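Okay, so here's the structure we're looking at.
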Amino acid sequence: MDYNTQRNQLIMPEYGRNIQKMVDYATEIKDKEKRNKAAKVIIKVIGNLNPHLRDVADFKHKLWDHLFIMSNFKLDVDSPFEKPKKETLSEKPKKLSYPQSRIKYRHYGKIIEQLIEKAKKLDEKDEKRDLLIHAIANHMKKSHINWNKEHVEDNDVFENLEKFSNNEIKTNRTIPLVNVDEYYRKRKRVNYSNHKNKRRNK
């Protein structure tokens, strides 16, 4: 019996063993012109088998890269694109720098700090400043509810906001913030709806 476990491991399993056999066969063809023809046939086949790749930028380029990868970079054909280098694929990605800035108010997050700084720079007569300040306060109240699971007074949120801005921001406390009970009801409705959708999709 010919079991998959006894066969050579596929380089790109998503294309299947038949495609791999076609690539192996093309690699062994001695006549370059015939190799070129075989390579083009394989590109057409894997393109037809994977129509979702057509939405990917540089669709043809990606297919040719995959062809060379499946041949373990042994296929010698005239590609319309630069042949990828094996060394480049095996290179480890560069380590991403992690932001080191300290977050003063962890339960509110870095975004709140940045928004407060943005609001401070706006002109006091600018309507956008008042709208942004109120949006920040609402977000702070929601964050407090999410993290602490307890009620918080609007006045406490406004005081925190003013304190965090070094009193450069004065809040309008006549406009109420998000209603806690209504906020929880909306969250429950969204969670319940998502749960039902997941069950339908199973």
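Each value in this text was obtained by applying a stated rule to the coordinates, not by laboratory testing. All of these numbers come straight from a predicted model, not from anything done at the bench. Please note: Cβ atoms are built from the backbone with ideal geometry, for glycine as well, and neighbour counts cover all protein chains shown.
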Original post:
For VAL45 and GLU113 in the same chain, what is the full-extension length gain: residue separation times 0.36 nm, less their Cα-Cα distance, in nm?
Top reply: 19.1 nm
Subject >> Efficiency of FRET from Cβ geometry, ASN36 and THR88, R₀ 22 Å, rounded to 0.05 >> reply: 0.40
Original post:
Put a dot 7 Å past each Cα toward the Cβ at PHE73 and LEU53; how far apart are the dots in nm?
Top reply: 2.0
**OP:** Quickly work out the ASN8-to-GLU28 label distance, labels modelled 7 Å from Cα along the C-beta direction, and quote it in nm with one decimal.
**Re:** 0.9
**OP:** Net charge near ALA135: determine it from the other residues with C-beta under 13 Å of the C-beta of ALA135, scoring Lys and Arg +1 and Asp and Glu -1.
**Re:** +3
Original post:
Principal axis lengths of region 130-169 from Cα atoms, whole Å, largest first?
Top reply: 29, 18, 14
Original post:
What is the extension gain from LYS128 to ASP156, computed as 0.36 nm multiplied by their sequence separation minus the C-alpha to C-alpha distance, in nm to one decimal?
Top reply: 7.8 nm
Original post:
Can you flag which of LYS44/LYS85; LYS30/LYS86; LYS40/LYS92; LYS32/LYS74; LYS125/LYS170 are past 21 Å Cα-Cα?
Top reply: LYS44/LYS85; LYS30/LYS86; LYS40/LYS92
Original post:
How large is ³J(HN,Hα) for each residue in region 155-168, as worked out from phi by the Karplus curve 6.51 cos²θ - 1.76 cosθ + 1.60 (θ = phi - 60°), to whole Hz, x for Gly and Pro?
Top reply: 4, 5, 5, 4, 5, 4, 4, 5, 5, 5, 8, 6, 6, 7
